[in-house]
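Enquirer: Here it is, the structure in full.
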Amino acid sequence: MAERIAEEKVNEIRQAVEIVDVIGDYVQLKKQGRNYFGLCPFHGENSPSFSVSPDKQIYHCFGCGAGGNVFSFLMDIDGLSFQEAAVKLAESANIELKLEGPATGKNPQLPEGSKQMIEAHELLRKFYHHLLVNTKEGQEALEYLLNRGFTQESIDTFQIGYSLPSWDFAVKLLEKRGFSLDLISKAGLVIQRENDGTYFDRFRNRIMFPILDHQGNTIAFSGRALGGEEPKYLNSPETQIFNKSKILYNFHLARGVIRKQQQAVLFEGFADVISANRAGVENGVATMGTSLTEEHISLLKRNVQGVTICYDSDKAGIEAAFRASNMLSKAGFAVRVATMPDGMDPDDFIKVHGEEKFRNDIIGSSATLMAFKLIYYRRGKNLQNEGDRLQYIEEVLKEISSLNKAVEKDLYLRQLANEFSLSLDALAQQLNQLVQASGPKRQNQPRAESKPVSYARKSELKPAYHTAERRMIFHMMRDADVAYKVQEMLAGSTLNIDEHQAIITYLFAYYEKGHDPDPSAFLNYLQDNKLKRVVADIEMMPLNEEISDQELSDYIKQVLNYQKMLKIKEKMAEQKQAERQNDFLRAAAIATEIIQLRKTL
């Protein structure tokens, strides 16, 4: 059982960390008034509804209802227990906990099989790296990498390693460390022979590139053959811990630079990322042998506004860049495309032309999305041919019609008119026809640039008693005297909303244990995630922290009046039932009760 962290330490940690800084490592936040807003990391959205309050040290999503404090955020986003979240925050704040036992274990909330798979990958990653840089067996592989332009720094940064030519090195090592052969086979590290059921290593005599997830866990490998073996690159299969459609290579290392520069560079493969990193491009990420997916885009959108695509210059690379650029543009990114010279990938270019020219002439001189599309539509066309020329002009006009800025439209229209000696008026007329023809369809398409987003809280018309209960709870969490005054004024009555009643029940217990009023500390006290969300939502209410006796009386009146209204409705139903049964004396008595109840409203 995990060792309990002293409450004093929890409070010390909570007061030492800044929630905006912690959440800012996961979500791109913008300040709006007193709070910060961004895209919710817990559900897909295009408009920011995720709010972080530095004053109250809480967060809340007005879209999905997620909410809590800095501890609950890490618990939800990284799958940690409370103890793990506390340990992680304590480390960031340089607070010593001196814990013993399993509380600090990595990935505690993962299924047991997944945890063991990650542990097996982590163990092999360390061994492969050690074999490459520290042993005679890895010398040939190390010299190969150094001759290819790899530096010792990049080898260490990306934890590159070497797998021995042995058929059972990994099998014996992992089995000796207590891992089930069946489990590590499912993890893709070893393969079972069909003829006799024995196991052998998947990766042999290869330079090993570990694949890490967005939390920095090793979840797969890509092994490059040292000789002429096929395939040149052998990759881990997809497993329960490795899903190519969700992983961006190097994201865990690049995230900080990406957020600082507000620009990510998207490459086709991990080798390009490593080469670019050696050249000083540290904000590079790559898909893992798959096309860009919605999951990749969602991850990027939470962290960055601009993406530069740098794919290979062959036909497949240009087509992939075109598809990816359209997806990113529709998702609202500012997209640029870095074009490589014919037949070159980033590694080739850096070797031939050097690191500085790659940074400046390729990445630094990347084209706007529209400029790239002009190049794209020229491919395979002879613009001296009238048919090809007309087709090109029509394709370009369609792209211009989708632009949102009038200045951009005018720029590219003039460019088209000048290049082909066409009438600007004629092009503008045809453009207007395209806009009108596509108008109804385009209304439902996401825009790359839209009017400023409103960060205002979504207004929901709640009954008066509902709002009154929430406002009472807001003040009760700030002042124990107010809480006990409410208890006295309710005189045994309960709140009308079950969650609200549960919250104040916990709040009274919290105060009975001697805790001081502190909404963020109260969130730690609550164990129920649903109640935490309600408390976080209440905390985000823009209320004055002072409350008068009259205000409190008004809230209590709204709460009790609703209960009286329910009682009146109940009595009215009884009255009608008595009248139907011709029991007029009873009906008259009930009518008197209703009159008395209404007088108390």
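Enquirer: Might you check whether a residue that is in contact with a helix residue (DSSP H, G or I) (Cβ under 8 Å, 6 or more places away or on another chain), at pLDDT 95 or above, of a type in the set (Val, Ile, Thr) and under 30 Å from Leu183 (Cα atoms) occurs anywhere in the range 266-284?
Expert: no
Residue-wise test of (1) open to solvent by 80 Å² or more (accessible area, probe 1.4 Å); (2) assigned to a helix (DSSP H, G or I); (3) farther than 22 Å from Ser72 by Cβ; (4) at pLDDT below 90.
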site: Ala536; (1), (2), (3), (4): no, yes, no, no
site: Glu545; (1), (2), (3), (4): yes, no, yes, yes
site: Ser553; (1), (2), (3), (4): no, yes, yes, no
site: Ile556; (1), (2), (3), (4): no, yes, yes, no
site: Leu560; (1), (2), (3), (4): no, yes, yes, yes
site: Lys564; (1), (2), (3), (4): no, yes, yes, yes
site: Met572; (1), (2), (3), (4): no, yes, yes, yes
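Enquirer: Further question on the same structure: So, in the range 170-218, exactly how many residues are surrounded by 19 or more Cβ atoms within 10 Å (Cβ to Cβ), in contact with a strand residue (DSSP E or B) (Cβ under 6 Å, 6 or more places away or on another chain) and hydrophobic (A, V, I, L, M, F, W, C)?
Expert: Selection size over the range 170-218: 10.
Enquirer: Does Glu238 satisfy being surrounded by fewer than 19 Cβ atoms within 10 Å (Cβ to Cβ), closer than 30 Å to Val281 by Cβ and not polar (S, T, N, Q)?
Expert: yes
Enquirer: Looking only at helices (runs of 4 or more DSSP H) that lie completely in the range 122-190, which have at least 2 residues being farther than 30 Å from Lys351 by Cα, of a type outside the set (Val, Ile, Thr) and out of contact with any His (no Cβ under 9 Å at 6 or more places or on another chain)? Steps first, please.
Expert: Details: elements: 139-147, 152-157, 169-176, 181-186.
Helices (runs of 4 or more DSSP H) meeting the threshold: 169-176, 181-186.
Enquirer: Counting only residues that are among the aliphatic types (A, V, I, L, M) and modelled with pLDDT under 90, how many does the range 300-312 have?
Expert: From the range 300-312, those among the aliphatic types (A, V, I, L, M) are 300, 304, 307, 309; that's our starting set.
Filter once more, keeping what is modelled with pLDDT under 90: 304.
Matching residues across the range 300-312 total 1.
Enquirer: Are there any pairs with C-beta distances below 7 angstrom linking a residue in the range 250-266 that is more than 20 Å from Tyr311 (Cβ to Cβ) to a residue that is open to solvent by 50 Å² or more (accessible area, probe 1.4 Å), with the two at least 6 apart or on different chains, and if so which?
Expert: Close Cβ pairs (under 7 Å, with a partner that is open to solvent by 50 Å² or more (accessible area, probe 1.4 Å)) amount to His252/Gln215; Val257/Glu282; Gln262/Gln305.
Enquirer: Give, as residue ranges, the helices (runs of 4 or more DSSP H) completely inside the range 267-367 that count at least 2 residues that are closer than 29 Å to Asn147 by Cα, open to solvent by 10 Å² or more (accessible area, probe 1.4 Å) and touching a residue at least 60 places away in the same chain (Cβ under 8 Å).
Expert: On the way: elements: 270-278, 294-301, 315-330, 346-353.
Output list reads 270-278, 346-353.
Enquirer: Now, a different point. Within the range 21-32, track down each residue that is touching a residue at least 24 places away in the same chain (Cβ under 8 Å), open to solvent by less than 40 Å² (accessible area, probe 1.4 Å) and either out of contact with any Cys (no Cβ under 9 Å at 6 or more places or on another chain) or among the small types (Gly, Ala, Ser) (or both).
Expert: Across the range 21-32, the qualifying residues are Val22, Ile23, Gly24, Tyr26, Gln28.
Enquirer: Let me ask you something else. Which of the following residues is open to solvent by 80 Å² or more (accessible area, probe 1.4 Å) and either at pLDDT below 85 or not in a loop (DSSP other than H, G, I, E, B) (or both): Arg389, Arg457? First the steps, then the outcome.
Expert: Working: Arg389 fails: open to solvent by 80 Å² or more (accessible area, probe 1.4 Å).
The conditions single out Arg457.
The values are calculated or read from the model by the stated rules, or taken from the named source; none is laboratory data. As the structure is a computational prediction, the values presented were derived from the model and not from experiment. So basically every Cβ, Gly included, is an ideal-geometry build from the backbone, and we count neighbours across all protein chains shown. For accessibility, only protein heavy atoms count, side chains too; no ligands or nucleic acids. Shrake-Rupley method; radii C 1.70, N 1.55, O 1.52, S 1.80 Å.
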